[in-house]
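The values are calculated or read from the model by the stated rules, or taken from the named source; none is laboratory data. Source: prediction; values computed, not measured. Cβ placement follows ideal geometry from the backbone for every residue including glycine, while neighbour counts extend to all protein chains displayed. Quick note on the areas: whole protein, heavy atoms, side chains included, nothing else; ligands and nucleic acids left out. Shrake-Rupley method; radii C 1.70, N 1.55, O 1.52, S 1.80 Å.
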Amino acid sequence: VSATGRTAADVLLDGESIAAVLAPGSTLLGHDLAASVDTVIDATGKYVIPGGIDAHTHMQLPFGGTSASDTFETGTRAAAWGGTTTIVDFAVQRTGERVQDGLAHWHELAAGNCAIDYGFHQIVGGVDADSLAALPGLIDEGISSFKMFMAYPGVFYADDAQILRAMQVAADTGLLTMMHAENGPVIDVLAEQLIEKGKTSPYFHGVARAWQMEEEATHRAIMLSHLTGAPLYVVHVSAKQAVEQLAWARDNGQNVFGETCPQYLYLSLEDQLGASSEEWGDFEGAKWVCSTPLRSKHEGHQHHMWQALRTNDIQMVSTDHCPFCMKDQKTLGQGDFRAIPNGIGSVEHRMDLMYQGVVTGQITLERWVELTSTTPARMFGMYGKKGVIAPGADADIVVYDPAGHTSIGLGTRPDGSPTGRSHHMNMDHSAWEGYEIDGHVDTVISRGKVVVDDGAYVGAPGDGRFVKRGLSQYLI
Ligand code: URP
Ligand code: ZN
Ligand code: ZN
């Protein structure tokens, strides 16, 4: 299955690459294909797709006084299990640190530890003369995109003047600007006012992060993109009004793009409000604290988001994988939702969760591949090597069994006891507990090496290599 169609075929791999895609029954220099090769993987009745590309992960991200609980080792292994063969993680320039130093540190964290291939975007945590001067040099490092934050004042935040200057550099160089589009200063006031009224539980995180402030920031980013001529990629879009802004800009001929995440397609603010457990009481809702937040189901965001995936108003689905354990991380925000580390862990489940959109008739099989692999490859300058099953491409391949089944479980309880079902991310809970998936990742091949065999992980840390990315293939 590719983004453009489906066909019955044999795929011939040679070393780390795809050598040929052949009609069934083809011979190789006159010999029967199966008899001429070392290994045959029988994918009869299954889908053979290009490996998933998750273009938005945060392994080990320092955030909220702690760090995301998946290391490059545990997170990329879980990704492999779930049919993802490439991640693009965010190297962090912390405020006060040089961009080059932040990037070098990120290479140290990842090198030799990854189960699958990985690239980096650069988070620019402080836009000043030094970081602006460092941006063009990222391209030679294989990093063709950088992210700024209109949210989180005092942490990563960039104001409009800083965004303008960075976008001017992007327009000159071909770097792709990624934006966290939420009006942070307004949200912080709303959050403070809620806390003052005693509204401290996790649910109010979503109340404070009002959709109006996602729409507003998205619009502002779009206008700065228009003014500077820099293409724009808005990350983790959750509000339907933000989608409408993107659609409007695209209809106006602007080169802007949007990404959403599984949580914004399936989960709602009401799920978070209603969440309660023996262990955590109403703090249970902290499992779903992420930014942008889950949106109310009464406002139709989730329905609109699926539609946007069909109409191409939204072009990609990434996870924004940023896991924090309940036990000693999320609990930092007990009594004050502002201190709950933001993030959900889904890197293992994206391919399965998006396949459910095929099962339920929301998207086609081809669109599933396009949203999860082919467009990410093109958007972030990897297409040809990644995102496609074609001669010369890296042999990153998933055999997906539509007749299989996957239960998404909890992992471990806060007291450390197993729950019976498991996932492989380094988290003590799952935002997707109880999800039953029609479909199963059977075999995962990463650059020619089988790393998941019939659902069992058989790879090793260090299998994954850094991917030097080119410029976005969506540049005009
Ligand atoms: O809640 C989230 N999204 N955490 C990760 C940081 C970010 O803004 O992407
Ligand atoms: Zn963000
Ligand atoms: Zn993120």
So A133 fits all but one of (1) open to solvent by 30 Å² or more (accessible area, probe 1.4 Å); (2) more than 16 Å from ligand 1 (Cβ to nearest atom); (3) assigned to a loop (DSSP other than H, G, I, E, B); (4) of a type outside the set (S, T, Y); what number is the exception?
(3)
Residues located in the stretch 138-171, provided they are under 22 Å from G381 (Cβ atoms), in a loop (DSSP other than H, G, I, E, B) and touching a His at 6+ places or on another chain (Cβ under 8 Å)
I143
Does E97 count as open to solvent by 20 Å² or more (accessible area, probe 1.4 Å), touching a residue at least 24 places away in the same chain (Cβ under 8 Å) and under 29 Å from W368 (Cβ atoms)?
no
Considering V37, V48, V11, which residue is surrounded by fewer than 21 Cβ atoms within 10 Å (Cβ to Cβ) and modelled with pLDDT of 95 or more?
V11
Hey, among the residues in the stretch 51-88 that are under 28 Å from G384 (Cα atoms) and among the hydroxyl-bearing types (S, T, Y), which one's nearest to ligand 1 (Cβ to nearest atom)?
T57
Listed residues E182, E141; which is within 16 Å of ligand 1 (Cβ to nearest atom), modelled with pLDDT of 95 or more, of a type in the set (D, E, K, R) and out of contact with any strand residue (DSSP E or B) (no Cβ under 8 Å at 6 or more places or on another chain)?
E182
Within the stretch 293-312, is even one residue outside any loop (DSSP other than H, G, I, E, B), under 30 Å from I397 (Cβ atoms) and within 15 Å of ligand 1 (Cβ to nearest atom)?
no
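Look at E270 and say whether it is open to solvent by 10 Å² or more (accessible area, probe 1.4 Å), more than 28 Å from G75 (Cα to Cα) and acidic (D, E). Even if it seems obvious, please write down each step before you answer.
On the way: open to solvent by 10 Å² or more (accessible area, probe 1.4 Å): yes; more than 28 Å from G75 (Cα to Cα): yes; acidic (D, E): yes.
It is true that E270 is open to solvent by 10 Å² or more (accessible area, probe 1.4 Å), more than 28 Å from G75 (Cα to Cα) and acidic (D, E).
Going through the stretch 96-126 one residue at a time, which ones are more than 24 Å from G448 (Cα to Cα) and touching a Pro at 6+ places or on another chain (Cβ under 8 Å)? First the steps, then the outcome.
Looking only at the stretch 96-126, we keep the residues that are more than 24 Å from G448 (Cα to Cα), and these are 96-106, 108-109, 121-126.
Once the filter is applied, which keeps residues that are more than 24 Å from G448 (Cα to Cα) and touching a Pro at 6+ places or on another chain (Cβ under 8 Å), the stretch 96-126 yields nothing.
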Just to be sure I understand, how many residues within the stretch 322-339 are farther than 20 Å from H56 by Cβ and touching a Gly at 6+ places or on another chain (Cβ under 7 Å)?
2
In the stretch 209-216, is there at least one residue being farther than 20 Å from I314 by Cβ and either buried (at least 20 other Cβ atoms within 10 Å of the Cβ) or not aliphatic (A, V, I, L, M) (or both)?
no
Looking only at residues in the stretch 172-204 that are in a helix (DSSP H, G or I) and closer than 23 Å to Q473 by Cα, which one is nearest to ligand 2 (Cβ to nearest atom)?
T173
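When the residues of the stretch 277-326 are filtered to those that are among the small types (G, A, S) and modelled with pLDDT of 95 or more, which remaining residue is farthest from ligand 2 (Cβ to nearest atom)?
Residues of the stretch 277-326 that are among the small types (G, A, S), as a first pass: 277, 281, 285-286, 291, 296, 300, 308, 318.
From what is left, the residues that are modelled with pLDDT of 95 or more are 285-286, 291, 296, 300, 308, 318.
On the way: G285: 20, A286: 18, S291: 6, S296: 20, G300: 23, A308: 19, S318: 11 Å.
Looking at residues that are among the small types (G, A, S) and modelled with pLDDT of 95 or more, I get G300.
I'd like to check something: does the stretch 74-90 contain any residue that is farther than 30 Å from V1 by Cβ, in contact (Cβ under 8 Å) with a residue 60 or more places away in the chain and not basic (K, R)? Lay out the reasoning, then the answer.
Keep residues of the stretch 74-90 that are farther than 30 Å from V1 by Cβ, which gives none.
Among the residues of the stretch 74-90, not one is farther than 30 Å from V1 by Cβ, in contact (Cβ under 8 Å) with a residue 60 or more places away in the chain and not basic (K, R), which makes the answer no.
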Out of all the residues in the stretch 324-342, is one or more open to solvent by 10 Å² or more (accessible area, probe 1.4 Å), at positive phi, outside any helix (DSSP H, G or I) and acidic (D, E)?
no
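Identify, please: which residue in the stretch 87-106 is assigned to a loop (DSSP other than H, G, I, E, B) and not acidic (D, E) and is, among those, modelled with the lowest pLDDT? Give the steps one after another, and end with the answer.
Residues of the stretch 87-106 that are assigned to a loop (DSSP other than H, G, I, E, B), as a first pass: 94-98.
When the remaining residues are screened for being not acidic (D, E), the result is 94-96, 98.
Details: R94: 79, T95: 73, G96: 82, R98: 95.
Step by step, filter the stretch 87-106, then rank; the result is T95.
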Checking I53 against (1) within 23 Å of V369 (Cα to Cα); (2) open to solvent by 50 Å² or more (accessible area, probe 1.4 Å); (3) within 29 Å of the chain's Cα centre (by Cα), only one condition comes out false. Which one?
(2)
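Select from the stretch 223-239 the residues that are in contact with a Phe, Trp or Tyr (Cβ under 8 Å, 6 or more places away or on another chain) and either at negative phi or more than 16 Å from ligand 1 (Cβ to nearest atom) (or both) and list them in ascending order.
Kept after step one, since they are in contact with a Phe, Trp or Tyr (Cβ under 8 Å, 6 or more places away or on another chain), are these residues of the stretch 223-239: 231-234, 236-239.
P231, L232, Y233, V234, V237, S238, A239 - these are the residues of the stretch 223-239 that are in contact with a Phe, Trp or Tyr (Cβ under 8 Å, 6 or more places away or on another chain) and either at negative phi or more than 16 Å from ligand 1 (Cβ to nearest atom) (or both).
On the basis of being out of contact with any Gly (no Cβ under 7 Å at 6 or more places or on another chain), surrounded by fewer than 16 Cβ atoms within 10 Å (Cβ to Cβ) and on the phi > 0 side of the Ramachandran plot, does G64 make the cut?
Details: out of contact with any Gly (no Cβ under 7 Å at 6 or more places or on another chain): yes; surrounded by fewer than 16 Cβ atoms within 10 Å (Cβ to Cβ): no; on the phi > 0 side of the Ramachandran plot: yes.
In short, no.
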Please go through the stretch 40-59 and pick out each residue that is away from ligand 2 (no atom under 16 Å from the Cβ) and either in contact (Cβ under 8 Å) with a residue 12 or more places away in the chain or of a type in the set (G, A, S) (or both).
I41, A43, G45, K46, Y47, V48, I49, P50, G51, G52, I53
